[in-house]
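Working notes, structure below.
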């Protein structure tokens with residue numbers, strides 16, 4: 001059997017068109033790290049990346065350790081995702097004033113065989129390799145995001161507002177309302193590494209929670 | 001709703017209890033009455049060896065599932081729970097696997113919304129014991145951790 005590649009198997013989740021579409025997002029497992037501050041400059045975001053990728057890599061490599069988790073299968077590590085909001089007011093992705101005021105959850109999806117026990121094991125393995133990195137902020141979280149509208153954004157992250165306005169226009173035209181709340185935030189999935197991809201070639205899934213208009 | 005899966009140790013709690021049902025028109029009054037009693041009749045103040053000052057809302061002894069009768073206990077975690085105030089009960093939150101949810105918001109609205117959403121989820125619930133743990137006493141921006149008993153795989 002080939003490697004499981006979530007992006008290819010679940011095209012509906014990861015490869016939306018540039019025309020917005022409704023999707024029901026099922027329960028998935030994530031490693032999440034919460035933080036605050038500008039992702040381009042804050043030390044906190046940098047540390048979150050180190051922990052997220054470190055733990056995800058430890059889980060992927062656990063097959064080599066003699067501690068292969070039950071149900072392990074070969075897979076391509078799913079992409080980085082982010083939930084974004086600001087203190088006190090819901091963030092719509094459009095009105096970006098001060099990136100230092102961002103609150104975020106950085107996260108990477110994990111394969112179905114990852115349980116709390118597998119996660120704890122990965123923390124131990126990672127702590128041996130990088131004893132100075134604090135993994136205490138990382139959580140293994142189960143989340144069914146539910147009914148959403150999503151769209152593919154092509155190009156620089158700073159140009160997202162135009163795409164988001166298009167997304168929001170589709171939401172209301174299709175008989176829904178945006179349902180951003182404490183538990184369901186503005187959501188982005190990063191399909192490329194911005195350090196290795198020219199801004200004009202970046203692909204980002206933008207997803208907003210919605211509910212039926214009453 | 002996002003949740004983590006945690007393994008909890010057994011907890012001994014002391015508090016006041018009543019039996020009710022989510023379909024009962026009396027449910028809100030019964031649970032509200034327990035909270036008033038807990039704080040206004042010196043029950044909280046009288047509990048010895050409190051492990052912390054977090055109040056717990058516990059739902060246990062379900063007859064079947066969320067549609068059936070259950071016991072609600074408003075309580076605090078307490079050490080040995082040997083000498084307890086009059087009119088209180090001692091209960092045990094069993095050790096085991098729980099889904100842990102973190103909710104923030106207006107204390108009444110956020111909790112009501114939580115249970116509404118939980119009933120839509122397909123969790124492998126045990127219906128043995130679930131509980132809310134109140135992290136602060138801020139009524140508008142309350143932080144509440146809710147633990148839902150899960151079946152072992």
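Just so you know, all these numbers are worked out from the coordinates, no wet-lab data involved. Fair warning: this is a prediction, and the values are worked out from it, not measured in the lab. Using ideal geometry, Cβ is built from the backbone for each residue, glycine included, and neighbour counts are taken over all protein chains shown.
crowded, with 17+ Cβ neighbours inside 10 Å, within 19 Å of residue A:54 (Cβ to Cβ) and over 21 Å from the mean Cα position of the chain (by Cα), is that true of residue A:69?
Spelling it out, residue A:69 is indeed crowded, with 17+ Cβ neighbours inside 10 Å, within 19 Å of residue A:54 (Cβ to Cβ) and over 21 Å from the mean Cα position of the chain (by Cα).
If residue B:96 meets every condition in (1) on the phi > 0 side of the Ramachandran plot; (2) touching a helix residue (DSSP H, G or I) at 6+ places or on another chain (Cβ under 8 Å); (3) within 14 Å of chain A (Cβ to nearest Cβ) apart from one, which number is that one?
(2)
Scan segment A:181-199 for residues that are away from every other protein chain (no Cβ under 14 Å), closer than 24 Å to residue A:86 by Cβ and in a loop (DSSP other than H, G, I, E, B) and jot them down.
Within segment A:181-199, A:194 is the sole residue that qualifies.
Is at least one residue of segment A:182-189 under 22 Å from residue A:54 (Cα atoms) and surrounded by fewer than 14 Cβ atoms within 10 Å (Cβ to Cβ)?
Looking through segment A:182-189, none of the residues is under 22 Å from residue A:54 (Cα atoms) and surrounded by fewer than 14 Cβ atoms within 10 Å (Cβ to Cβ).
With the requirement that a residue be surrounded by 14 or more Cβ atoms within 10 Å (Cβ to Cβ) and more than 14 Å from chain B (Cβ to nearest Cβ), what does segment A:137-155 give you?
Answer for segment A:137-155, where residues must be surrounded by 14 or more Cβ atoms within 10 Å (Cβ to Cβ) and more than 14 Å from chain B (Cβ to nearest Cβ): A:148, A:149, A:150, A:151, A:152, A:153, A:155.
Mind counting the residues in segment B:1-38 that are outside any helix (DSSP H, G or I) and either more than 14 Å from chain A (Cβ to nearest Cβ) or surrounded by 14 or more Cβ atoms within 10 Å (Cβ to Cβ) (or both)?
25
Please enumerate the residues belonging to segment A:123-136 that are within 14 Å of chain B (Cβ to nearest Cβ) and surrounded by fewer than 14 Cβ atoms within 10 Å (Cβ to Cβ).
A:136
Scan segment B:111-118 and tell me whether some residue there is within 12 Å of chain A (Cβ to nearest Cβ) and without any contact (Cβ under 8 Å) to a residue 60 or more places away in the chain.
The answer is yes, given that some residue of segment B:111-118 is within 12 Å of chain A (Cβ to nearest Cβ) and without any contact (Cβ under 8 Å) to a residue 60 or more places away in the chain.
How many residues, within segment B:107-116, are surrounded by 14 or more Cβ atoms within 10 Å (Cβ to Cβ) and over 14 Å from the mean Cα position of the chain (by Cα)?
So the answer is 2.
With respect to residue B:72, is the statement that it is touching a strand residue (DSSP E or B) at 6+ places or on another chain (Cβ under 9 Å), under 30 Å from residue A:181 (Cβ atoms), in a strand (DSSP E or B) and away from chain A (no Cβ under 14 Å) true?
yes
Restricting attention to segment A:99-146, report how many residues are in a loop (DSSP other than H, G, I, E, B) and free of Cβ contacts under 8 Å to residues at least 24 places away in the same chain.
3
Give all pairs with beta carbons closer than 6 Å in which a residue from segment A:163-192 that is within 12 Å of residue A:150 (Cα to Cα) meets a residue that is in a helix (DSSP H, G or I); count only pairs at least 6 apart in sequence or on separate chains.
Partner pairs satisfying both residue conditions: A:178/A:171.
Could we say that residue A:172 is closer than 19 Å to residue A:95 by Cβ and out of contact with any helix residue (DSSP H, G or I) (no Cβ under 9 Å at 6 or more places or on another chain) here?
Yes: the conditions hold for residue A:172.
From the list B:100, B:91, B:67, B:54, which one is under 14 Å from residue B:127 (Cβ atoms) and outside any helix (DSSP H, G or I)?
After ruling out the rest, the residue left standing is B:67.
Can you confirm whether residue A:120 is within 11 Å of chain B (Cβ to nearest Cβ) and loosely packed, with under 14 Cβ neighbours inside 10 Å?
yes
Residues to consider are B:93, B:58, B:148; find the one that is closer than 20 Å to residue B:37 by Cα, buried (at least 20 other Cβ atoms within 10 Å of the Cβ) and touching a strand residue (DSSP E or B) at 6+ places or on another chain (Cβ under 8 Å).
B:58
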